1. How many percent of the accessible area of the stretch 165-281 is carbon or sulfur, using a 1.4 Å probe?
2. Test of the criteria: in the stretch 131-188, which chymotrypsin sites (Phe, Trp or Tyr not before Pro) are in a DSSP loop and have at most 12 other Cβ atoms within 10 angstrom of their Cβ?
3. Give the average over all directions of the projected area of the C-alpha convex hull of the stretch 6-53, one decimal, in nm².
4. Convert each backbone phi in the stretch 79-85 into a coupling constant with the Karplus relation 6.51 cos²θ - 1.76 cosθ + 1.60 (shift: θ = phi - 60°), then list the ³J(HN,Hα) values in order as whole Hz, x for Gly and Pro.
5. What is the count of Lys pairs in the stretch 163-296 whose alpha carbons sit under 17 Å apart, if the two are 8 or more places apart or on different chains?
6. At 1.4 Å probe size, with every protein chain present, just tell me what the per residue accessible area of the chain comes to in Å².
7. With viscosity set to 1.002 mPa s at 20 °C, what whole-number translational diffusion coefficient in µm²/s follows for the chain from Stokes-Einstein and a Kirkwood radius over Cα pairs?
8. Which percent, to the nearest 5, of DSSP beta bridges fully inside the stretch 99-247 are antiparallel?
Amino acid sequence: MKFLDEAKVYIRSGDGGGGSVSFRREKFIEFGGPDGGDGGRGGDVWAEAVNGLNTLIDFRFQQHFKAQIGTHGMGRNRTGANGSDVTLKVPVGTQIFEEDSETMICDLTQEGQRFRLAAGGNGGFGNAHFKSATNQAPDWANPGLDGEEKTIWLRLKLIADAGLVGLPNAGKSTFLAAVTRARPKIANYPFTTLHPNLGVATVDGQEFVLADIPGLIEGAHEGVGIGDRFLGHVERTRVLLHLVSAQEEKVGKAYKTVKHELEAYGNDLTDKPEIVALSQIDVLDDAELKKKTRELARACGKTPFQISAVTGKGMTDLLRALRDIIVVGQPSEKPLKALKIRHRDIEGLDEDGKGIDEEQQG
C-alpha cells in the first residue's frame with residue numbers, strides 16, 4: 001500500500017428540505033386548515049479517527065464527499081426525512097486545515113474522536129407552522145437552508161513514542177528492523193527510505209512505537225534531496241534518537257548537519273529529549289571506534305551510545321534509555337487537543353476530553 005500523508009478534499013453538507021404548502025381537504029369536513037409539514041434537515045459531514053489506517057491513500061481515489069439533502073415536507077403534517085450524514089474515515093493523528101492550509105480546524109489524536117466539518121441546512125417550515133387566530137390560511141412556506149461547502153486539507157502526522165533521525169544510510173531502517181517486526185526497505189544507497197515506517201519495540205516487557213523517516217541532508221529545509229516535510233511525523237514523539245553512522249568520515253560534522261536541519265524546520269523539535277548513538281560500529285576497529293566516539297561526543301555534548309544492529313551490541317541499553325524517557329513523559333490521561341471548538345461539533349467529548357450530555361451536544 002502506498003503512503004500518502006496529505007490530501008485535498010471537497011466537502012458539502014446537505015441542503016435542508018423545503019416546507020410544504022398544503023390544506024386539509026376531506027369530505028364532510030368544512031374547515032380543514034393548513035397541514036403542510038416541515039422539511040427535513042440536511043446531512044452533516046463528519047471526520048472520524050479510526051484504528052487500522054496509517055495513510056491517506058484512500059483520499060487519492062475519492063476527493064468529493066457530499067451529504068444527503070433533506071426531504072421536502074408533505075401534506076397531512078408530514079415532516080420530511082433528515083438527510084444521511086457522510087463520514088471521512090481518517091487515521092489517528094490526522095490534522096484538518098482550511099483551504100489556506102494554515103488554519104487548523106481540528107486535530108484528531110484519539111481513536112473514535114469525531115468532529116463535524118460541515119453542518120447540514122435546517123429544513124424549512126411548512127404552512128401549518130404559520131397558522132394563527134389572525135392568519136388561518138397561510139399560503140406560504142419556508143425553503144430549506146443551504147448546506148455548507150468548503151475545500152479542506154488533510155495532513156497526517158503519525159503518532160509514535162520515539163523518532164529516528166539522521167543522514168541517509170545512518171542505519172535507521174536497519175535499527176528499526178532489528179528491534180521491531182517492521183520490514184522497511186534496506187539497501188546500500190542513499191534515500192532507501194522514501195516514506196515513514198512504524199514499528200513496535202519491546203524491552204523488559206514494555207512496548208513503545210518507533211517512527212523511521214527518510215534521511216536528511218544538508219539543505220533539506222530548502223528542498224534539497226526529498227526535503228524535510230517528513231519531519232512532521234516525529235513532531236508528536238517524546239524523544240528523538242539521532243543515529244550517526246560510524247562509516248562517516250567526520251561524525252561530528254554529520255551530527256551537526258542533521259541538527260541544523262532540525263533547527264531550520266522548527267516546531268520545537270530541538271527542544272525534545274535527544275539520544276545520540278554511533279551506529280554500525282561493527283565496521284571499525286577499537287582505536288578508530290574510540291576516536292570517532294570522542295569526536296561525536298564533542299559535537300553533541302554528551303556521551304553517545306555505541307550500537308550495532310548486526311551484532312546486537314548496545315541495542316538493549318539503548319532501548320532501555322528510550323523506554324525510560326518515554327515512560328517518564330507519559331501522561332496519566334491523554335487529554336483532547338486544546339482547540340477552541342463548539343461542543344455541538346464534536347461528539348461525546350468536551351474540551352477536556354470528558355463526556356458531555358445530550359443538551360450540550362445538541
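1. 46
2. When the chymotrypsin sites (Phe, Trp or Tyr not before Pro) of the stretch 131-188 are filtered for loop state and at most 12 Cβ neighbours within 10 Å, TRP140 remain.
3. The orientation-averaged projected area of the Cα hull of the stretch 6-53 comes to 6.2 nm².
4. Per-residue couplings from phi come out as 7, x, 6, 6, x, 6, 6 Hz.
5. Taking the Cα cut-off of 17 Å, the pair count is 12.
6. 52
7. 89
8. Expressed as a percentage, antiparallel bridges in the stretch 99-247 total about 50.
The values are calculated or read from the model by the stated rules, or taken from the named source; none is laboratory data. Bear in mind that the values here come from a model prediction, so they are computed numbers and not experimental data. Reconstructed Cβ throughout: ideal geometry from the backbone, glycine too, with neighbour counts over all protein chains shown. We work out accessible area using only protein heavy atoms, side chains counted, and drop any ligands, DNA or RNA first. Shrake-Rupley method; radii C 1.70, N 1.55, O 1.52, S 1.80 Å.
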